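S.K.: I'd like to ask some things about the structure below.
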Amino acid sequence: MAFRALTPVMRQAARPAVASVRPAVRPAGVRQMSGLKGLYPMFMDSNMKYLTFVFAGAIAVEFVYGNVANMLWENANQGKLVEHVDWSKWCDDEEEEEEEEDEDEDDE
């Protein structure tokens, strides 16, 4: 009998206290997503906006990545690529002689 009398008291003691008033300050571990809330209506509101955002982003990333890769390649191979050769140093006399010989053979 004494146990039945204590049961409601024990149940209330086991229940956690529920705060009916919201705290004025948020806990330190909770962050707001205010920056992402603005992106959703701008880029992901409809299917067409989302697809346009994805394709435009892929093209922009490919453009930047390609230019950076070409810049790094040219800097690493400075002086070794065809674009870097100073063609004025090469002698054109040999080519002119070969062309003249070809023309002479054609005339015969």
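S.K.: Taking a cut-off of 20 Å between Cα atoms, list the lysines near LYS89, but don't count ones fewer than 8 places away on the same chain.
M.R.: Hits, sequence-local ones excluded: LYS80.
S.K.: Okay, next question. For LYS49, give me every one of the lysines with a C-alpha distance below 19 angstrom, ignoring sequence neighbours fewer than eight places off in its own chain.
M.R.: LYS37
Just so you know, all these numbers are worked out from the coordinates, no wet-lab data involved. Small disclaimer: the values here were computed from a predicted structure and weren't measured.
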